[in-house]
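Please read the structure below before turning to the comments.
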Amino acid sequence: MRDHGFRVPLVIRGEVIEEDGVSHGGRGGGISFTAPDVAAHLGKLALSTPSSMSDLYSLRMEEIFDYLGELGSRLPPSRNPWMEEAFRISCHTSGLGADILRAMYDNMDRMLDPAALREAAENSIGIDYLENWVEMPLEGPVTARIRAFGARAVHIVAGNAPGTSLLTVARNAITRSDAIIKTPSNDPLTAAAIARTMIDMAPDHPLTRHLSVAYWKGGDERVEAKLYTSGNIEKIIAWGGMASIKHIAKYVQPGIELVALDPKLSSTIIGREAFADEETLARVAGALALDGGGLNQEGCVNARVVWVESGTDKAGLERLNRLGQLVYDAIQALPPQISGPAVRMDPALADEVSALRVGGDDWYKVIGGGVEGAVIMSQMEEPVDFAPLLANRVLNLVPVDDVETPVQAVTSYTQTIGIWPESLKRRLRDQLAIHGAQRLVTLGNAVGMPNHGIQDAIEPWRRMCRWIVEEEATAA
Amino acid sequence: MAEAGISRVVNAASFDEHPEEMFWQPLDASLAMPAEEVSRIQLHAVRKRFEELREHLPALRNLAAEQGITQIATLNDAAALLFKHSVYKSYPVSLIEKNRYDRLTQWLSNLTTVDLSSVQTSGVESIDDWLDAVNRDAGVRIIHTTGTSGKLSFLPRGPAEASRQLRSGRLSQQAIGQPEPTGLDQVPTIVLGNRIMYNGYGAMVEALLHDLYQGDDAMIVAMNPGRLSADVLSLAGRLAAAGNRGELGRSQVSPAILNRLDDFVAAQKEGPARRARFFDEIFDRLAGKRVMMSGNWSMYHEMAEAGGQRGVGGIFAPDSLFLCAGGTKGATLPDGYRETIPAFLGISMLNELYGMSEMTALMPKCSEGKYHALPWMLLFLLDPETGQPAPRSGTHTGRFGVIDLSIETRWGGIVSGDEVTMTFGRCACGLDGPFLDSDIRRYSEKEGGDDKITCAGAPQAHDNALAFLAEMD
């Protein structure tokens, strides 16, 4: 069944608006849907009165965690028709396969586990700062008190995984903010489905009344020029690609802060110890398969270019190629709820890979190359020229004589680096950080993200808050 | 001495073995060949080309092995053997950054039957030098892209193809049903671009100079006497791409290129004045004269605008030859441009054609506005997603693919980036198909970037590249 012609609602602070205002999509085999014309509802969507945020401050943090925990228990699609519909639509739009998506939607309750959220809030903001004015003793006759307040924010969320919408809802609640989520066309329903679940659960709750969800076509001046003003919002939290961030940046002005969750790519460094014996090599290959193949390589955390200290002489290349074969096999053996064949091949990438296959073995060896993915083994100390395109479970193994080579390749666009063995990670970590890397993990753990909220060093939790200081002059 | 480029007597019995011979029969004879006969010749010819070339071209051999093709039973079987454009840029770009032009030559030898072992790359420190070296030492004239990503595609044209370049141009200058133009060795050529360009346009200019004008440079009137530099195009693209990835400043820029860059930037600053002088000259010195020019609608529009500003019109002799390929190149032109531009030029019509630089000749447009295949062009209409060929009957819309059977030194099979509507059958003009509707667009238009091998967009891309590089100082 094709899910064409469905309806995406506009949710404004507890109110659901369903009108067939504008048609979207419908070209090139994509989905088509209708949504209300957001421009016609801007007066209501924009929260021009900051004072209406005060109801959030009647809530204690524990009440917020409880609310989110309860929301989580209602999200699994088996008992939630809104989420079931969102899941079904995402099967047509996502780069993730149905098995992976099913597992993600089924496990959404875990993302709202109160204990995990409490830990994340504590680690990344500090619950005291969310709850109270925290006293800061200063030298001299002044006492300062700091508190983290929420903000009125537009969130431009990414569509590569439905968890991004849920994470946004959770962060918005915990920071006591007012969120307008602009949904992506490749996941048009998840955020709205969560909002509707909140309305069903607690229609008048302040947390329900401080979440709006809207779809408009990115770049629609009628909406953006009016909404993105300092009278209406204080922050724009933008996930997304280079073009999207650059586009949004033009609305940044005094009074509006841009929290850019930049496009990032991740990589891997494997030390020479991997080749100690066949058993070790197989273990390394298995771990690398998880980093490269998990989530179908749709995440910013996924390994793409893999630097291997195999050596670049003939024996070194043989070692590298052996690892390549093991990794390819290990990716193919990943269970379907973790990884599967490409749902949508990037034609540009497929062309590049097929050109390497046709072009001969001089510089690159290729295993695979269809929807199942591929491992490209560079036969020289360089990644493929199209490395930024790597996706669809296509990894590029690059042999090096010295781990200094990958250190030099790290930039501020590098996010996670999976490293093996641990001793190499500790040896390189300062240098990698100085070059721009943001998260260094044990190989095999790139995709599994602990909930500490620090993942990409951008500190979105802290930056979603407005940090307010109260100073009290004390008598000398 | 007979004028070069004109048709000669050919033996139709030789077409099976030598499909390139069809080039030399009159255009109307080529177009009048019955589709069935053309299909028969093409099946024989594509088998022969495949057999010959796969021995010499590893890339073709690998593709055939990958596709599991050992023989070609039907014409559509050959659709699996079309190269993707990426094949012509499958070299590591670091070869250029590290001046390893010896290895780049070695890579190119996978794609041409011409022996490149005589190419001297010692001392070559730029792409421009390398293009000259391969041309000079092996007679292979490379056609390169504008390289929006900084990585240029390199398509080798061998001496066999070069020998037909002038004839190819002549075919394009002739309207269907009209006699072949003659006396062209006395007709100057206007080039709205650079004097030296390693693209399809530039290859034609070289052929005119050497084969038609016997080396008389004065017959080529180019807007820019300088070179369209592949290095400038490549460098700007590489730096822009590096900037987008946050790697700006780390790209290795060779000193040899940096040294030349200042000259290019200085030359570009003179651009507007040079352009004005150029138009003054052609509107004055060539007014009323018979001239030749190749271009696209937006180039002719630019010329007409320049004329409008000077208050001139109906410039050239009515038997001048203007051919127009590549549509409007994305530009939006004022209403009625199809009438106002010929009027400005002083002619009754421009000869419109469709094709691409990967082909050795273009497809002429008939009285019904359809582009017709010439008999050495084995066309395919491909599913844009799967690449599967449509049946060879009826009308279909999809991706244009072609095996140019006249090409001897390279595999002539290529998948285009164009969405076309192709009909196998008889056209209302009376000619047998296959033919294309005139409404053609690029798949990449909706996706943004494009790195088509292009004749006409290249000078613009070159200017943009220089502007970008100049700003970086």
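Each reported figure results from applying straightforward, stated rules to the coordinates on display, with no laboratory input. Every value quoted in this text rests on a predicted model; they were computed, and no experiment measured them. Because the Cβ atoms are built from the backbone with ideal geometry, glycine has one as well, and the counts that use them run over all protein chains shown.
Structure data summary
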read-out: Average beta carbon contacts from partner chains per residue of A:384-391, 10 Å cutoff; value: 3
read-out: Cβ-based exposure ranking for B:MET292, A:MET198, A:MET53, in which fewest neighbours within 10 Å come first; value: A:MET53, B:MET292, A:MET198
read-out: Shape of the range A:265-442, Cα gyration tensor, a/c cut at 1.5; value: rounded
read-out: Approximate spin-label separation A:GLU221-B:ARG274, in nm, with each point projected 7 Å along Cα-to-Cβ; value: 3.6
read-out: Cut-off 14 Å between beta-carbons: net charge of the residues surrounding B:PRO188, Lys and Arg +1, Asp and Glu -1; value: -2
read-out: Sorted by Cβ neighbour density within 10 Å, fewest at the top, the residues A:TRP307, B:TRP297, A:TRP467; value: A:TRP467, B:TRP297, A:TRP307
read-out: 5 angstrom amide H check on B:VAL402, placed H, neighbours 5+ away; value: B:PHE380, B:ILE414, B:SER416
read-out: Cα-projected label distance for A:ASP55 with A:VAL371, points at 7 Å along beta-carbon direction, nm; value: 4.8
read-out: Using θ = phi - 60° and Karplus 6.51 cos²θ - 1.76 cosθ + 1.60, couplings along the range A:135-152 (whole Hz; Gly, Pro as x); value: 6, 10, x, 10, 5, x, x, 9, 10, 10, 10, 10, 9, 8, 9, x, 9, 7
read-out: Peptide B:77-88 - average C-beta neighbours from other chains (10 Å radius); value: 3
read-out: Förster radius 41 Å - calculated FRET efficiency between A:ASN123 and A:SER78, Cβ distance, rounded to 0.05; value: 0.80
read-out: Only Lys, Arg (+1) and Asp, Glu (-1) charged, at Cβ; the protein assembly as shown dipole about Cα centre in debye; value: 700
read-out: For the range B:276-293, 3J(HN,Hα) per residue [Karplus equation, 6.51 cos²θ - 1.76 cosθ + 1.60, θ = phi - 60°, Hz, x = Gly/Pro]; value: 4, 4, 4, 5, 3, 5, 6, 6, 9, 5, 9, 4, x, 8, 7, 10, 10, 7
read-out: The range B:116-245: antiparallel DSSP beta bridges as a percent of all, rounded to 5; value: 45
read-out: Virtual spin-label span in nm between A:ARG322 and A:GLU471, 7 Å along Cα→Cβ; value: 6.7
read-out: Quotient of C-alpha Rg and 2.2 N^0.38 Å, computed over the protein assembly as shown; value: 1.06
read-out: Cα centre as origin, Lys/Arg/Asp/Glu Cβ charges: the range A:265-442 dipole, Debye; value: 480
read-out: Cβ neighbours within 10 Å from other chains - mean over A:344-356; value: 4
read-out: Length added when fully stretched, B:SER94-B:THR74, from 0.36 nm per residue minus Cα-Cα; value: 3.1 nm
read-out: Fraction of beta bridges assigned by DSSP in the protein assembly as shown that are antiparallel (%, nearest 5); value: 50
read-out: Convex hull volume per residue for the range A:51-125, taking Cα atoms only, in Å³; value: 142
read-out: Mean residue ellipticity (222 nm) of chain B, computed from DSSP H runs ≥ 4 via -39,500 (n - 2.57), nearest 500; value: -10500 deg cm²/dmol
read-out: Most positive-pole-ward Cα, B:LEU235, B:LEU379, B:ALA317, against dipole of the protein assembly as shown from beta carbon charges; value: B:ALA317
read-out: Translational D in µm²/s for the range B:1-137 (Stokes-Einstein at 20 °C, 1.002 mPa s, Kirkwood Rh from C-alpha pairs); value: 119
read-out: Interchain or long-range residues, amide H under 5 Å from A:ILE181's placed H; value: A:HIS155, A:SER212, A:VAL213, A:ALA214
read-out: Count of lysine pairs in chain A with Cα separation under 26 Å (8 or more residues apart, or interchain); value: 26
read-out: Per-residue HN-Hα couplings for the range B:52-67 [Karplus 6.51, -1.76, 1.60; θ = phi - 60°; Hz; x = Gly/Pro]; value: 5, 7, 5, 5, 9, 10, x, 4, 5, 4, 5, 5, 4, 5, 4, 7
read-out: Protection proxy ranking, peptides A:384-397, B:90-103, B:274-287, average beta carbon neighbours within 10 Å, highest first; value: A:384-397, B:90-103, B:274-287
read-out: Amide H contacts under 5 Å for B:GLU419, placed H, 5+ residues apart; value: B:ARG441, B:ARG442, B:TYR443
